[in-house]
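Written out below as structure tokens is the structure these notes cover.
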Amino acid sequence: MNFELADKLSELLESKKLDEAIAIAEQELKKIPKTDFHKILDKNLLHLTSDLAKHINEFDKTTKEVLKKKQGFIKNLFGSGKEVKPAAYYCEMNGFTINYDRWFIDLFSFENYSLTDWEWLSDFYDSTANDLTITGFEEIQNAFEDVHENNRFEEPNIEQAYEVCELLVILRLQELFRETYKDEESEWCKTPMFVTAHDYEMIYKVN
């Protein structure tokens, strides 16, 4: 991975400058002579906003019930009367660079979270029973498959383009979440949502 670029993009994400992060990543990719990874340029995942909203909505309903049971009947019966709901949600895309046959996301729910220490991410109390398939980037999936299956890393420009493209995939996923939340007025929009991919630290807080 291009750690220098990843660090720069992470700083922009912390400042809510997602569009700027996407622009910088695309500029970096354009500096590299053309490869199949360049097919990601100017492409997004926004056709999935409706599917994602439904996916989050269903998980929000089921995970609240799980939390109620977890906290116990008596506590809920004699509690404050406030709605029982998760403290935070987390989305993780699968390890997409090596699992190129299908790209998908899973959602996780938490009773507590922190913005300074990410250890809480391993302490989820519930996760989606069914994942959501990411569609629209099939050409990019093919590019990752071709490089791995045919061991093309030694070819000029391939590794550089690969390392920028993987970051762009994550940024475009984060953009999908941001745009999905923009037009939603559902109650789950008030629960903090964090988005990244498996084994990446480039986390984006959507809301």
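Report Rg(Cα)/(2.2 N^0.38 Å) for the chain, keeping two decimals.
Dividing the Cα Rg of the chain by 2.2 N^0.38 Å gives 1.11.
Figure the gain on full extension for N142 and N112 (residue separation times 0.36 nm, minus the Cα-Cα span) and round it to one decimal in nm.
Residue separation times 0.36 nm, minus the Cα-Cα distance, leaves 7.0 nm.
So what does log10 I(q)/I(0) come out to for region 151-201 at q = 0.13 Å⁻¹, using the Debye formula with one equal point on every Cα and no solvent?
These q points yield log10 I(q)/I(0) values of -0.47.
On a 21 Å Cα-Cα criterion, which of the cross-link pairs K8/K31; K16/K68; K16/K190; K43/K182; K31/K182; K64/K182 come out too long?
Cα-Cα > 21 Å for K16/K68; K31/K182; K64/K182; rest within.
What is region 53-173's relative contact order, in percent, from Cα pairs under 8 angstrom and six or more apart in sequence?
Rounded, it is 21 percent for region 53-173.
What is the ratio of the Cα radius of gyration of region 18-69 to 2.2 N^0.38 Å, where N is its residue count, to two decimals?
With N residues counted in region 18-69, Rg over 2.2 N^0.38 Å equals 1.83.
Give me the net charge for the shell around S114: Cβ to Cβ below 13 angstrom, other residues only, Lys and Arg +1, Asp and Glu -1.
Net charge in that neighbourhood comes out at -3.
Quick one: compute the contact order of the chain, relative version, from alpha carbon pairs under 8 angstrom and 6+ residues apart, as a percent.
The value is 32 percent.
Quick one: pull the percentage of alpha-carbon pairs in region 100-142 with a separation above 12 Å.
Across region 100-142, Cα pairs with separations above 12 Å total 66 percent.
All of the numbers you see were taken from the coordinates with simple rules; none came from a lab. Every value quoted in this text rests on a predicted model; they were computed, and no experiment measured them. Cβ sites come from the backbone with ideal geometry, for glycine too, and all protein chains shown count toward neighbours.
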